[in-house]
1. Taking all protein chains in place and a 1.4 Å probe, what share, in percent, of the accessible surface of segment 61-132 do carbon and sulfur account for?
2. On full extension of the chain, what length is gained from residue 105 through residue 4, given 0.36 nm per residue of separation minus the C-alpha to C-alpha distance?
3. Give the peptides 281-294, 128-141, 103-116 in descending order of average Cβ contacts within 10 Å, highest first.
4. Out of all DSSP beta bridges with both ends in the chain, state the antiparallel percent to the nearest 5.
5. Give the share of C-alpha pairs in each 10 angstrom bin for the chain, from 0 to the last occupied bin, in whole percents, shortest bins first.
6. About the Cα centre of the chain, what is the dipole size in debye to 20, counting +1 per Lys and Arg Cβ and -1 per Asp and Glu Cβ, all else neutral?
7. Quick one: dipole size for segment 110-221, taken about the Cα centre, charges +1 on Lys/Arg Cβ and -1 on Asp/Glu Cβ, in debye to the nearest 20.
8. Leaving out ligands and nucleic acids, note down the accessible area per residue over segment 6-195 with a 1.4 angstrom probe, in whole Å².
Amino acid sequence: MSIQTLEQFITEQQTHFPQAKGDFTKLLQAISLAAKIVHREVNKAGLADILGKLGNTNIQGEEQQKLDVFADHYFMDALEKVGECCYLASEEHEDGINLLKKNKYAVGKYMVYFDPLDGSSNIDANVSVGTIFSIYRRVSSEGDLQHIDFTQTGRKQVAAGYIIYGSSTMLVYSTGTGVNGFTLDPSIGEFCLSHPELKIPESGKTYSVNESNYNQFSMAIKQYLQFCKEIDQDTNRPYSSRYIGSLVADFHRNLIQGGIFLYPDTFQYPNGKLRLMYECNPLAFIAEQAGGKASTGDQCILDIIPHKLHQRTSLIIGSKNMVEKVEQFILEYSNMEHSFA
Ligand code: AHG
Ligand code: MN
Ligand code: MN
């Protein structure tokens, strides 16, 4: 039996894809280092008094959990020190950090957006959590960062991925040439290639949605959820309902088994709850690279032009045929509304 570590894999990729240069390799190594530290903290959470809330609220008005703060610190630190980034933005900071202005370490051309701990409300219950990251290259060539650097669509990501701290810890990422998954072997402290060339099944039989919001959904989404529950052997319905409440974990299960995740607009969150830059875009990139799809309902997530760091969007993501089915429901309802207008 032969194993391939993440490090070996990245080095091999460099020979096949010359665009995957050494600076980018260093960036991924920094992410993998921070992931291992967070893995360690997550796994000893019950022992080390880092469970529970810290008492602060973050800029989204949500209570920060202690592990949010830990994870944010380790990722920030690793990414700043590696010297390949010019801009870092995290869910836990109101403003992005322009490293060109800090001058403490060397700076490079990459801009990284991340959700340091996704699903943090699940931590106290020992349920899977994750980290999500999205990487861009600055497009302005010199001087300070410009408007064009911050308004790149998700399609311009040079890489994206996530780490899931679950029954095992996995790192899944893509540089735009497919998706590969690595499982952490804690005994040797290495991520090892375990899921090469991941493909999401075209259809699945799982739907993931916080159904307590049902009364707040549009008619099209309500009808789609009814469709999921109908009995029809030919199309494997009723689908199973699975909702963890950690986006990374729900997405990862659907990536492996096939399925769809929805967080549509609600009264409480009229533009969706999930954040474009560090939740939706990176997972949309992975979904498309694995043969799946990610949509707002009428637009590909990856085509949204961002206008602010913490912007939210509705998200429908997963198996291609299932996402297209929801889009079809939404289109039919919008046509109906127009014909009555
Ligand atoms: P975070 O812990 O980074 O704030 O993200 C929580 C997100 C996401 O992980 C999950 O899918 C969603 O919030 C759950 O929201 P509801 O509790 O409203 O279902
Ligand atoms: Mn999150
Ligand atoms: Mn978070």
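1. Values: 1240 of 2790 Å².
That fraction is 44 percent.
2. Values: separation 101, 0.36 × 101 = 36.36 nm, distance 3.15 nm.
Additional length available on full extension: 33.2 nm.
3. Details: 281-294: 25.6, 128-141: 21.9, 103-116: 19.9.
Per-residue Cβ counts within 10 Å, averaged per peptide and sorted highest first, yield 281-294, 128-141, 103-116.
4. Numbers: 46 of 55 bridges.
Close to 85 percent.
5. In whole percents, the pair-distance histogram is 5, 25, 34, 24, 9, 2, 0.
6. Details: 30 positive and 40 negative charges, 65 e Å.
In debye, rounded to 20, the chain gives about 320.
7. 340 debye
8. Details: 8250 Å² over 190 residues.
On a per-residue basis, 43 Å².
The values are calculated or read from the model by the stated rules, or taken from the named source; none is laboratory data. Keep in mind that this is a model prediction, so the values were computed, not measured. Neighbour counts run over all protein chains shown; Cβ positions are idealised from the backbone, glycine included. Please note that ligands, DNA and RNA were not included when accessible areas were found on the heavy atoms of the full protein model with its side chains. Shrake-Rupley method; radii C 1.70, N 1.55, O 1.52, S 1.80 Å.
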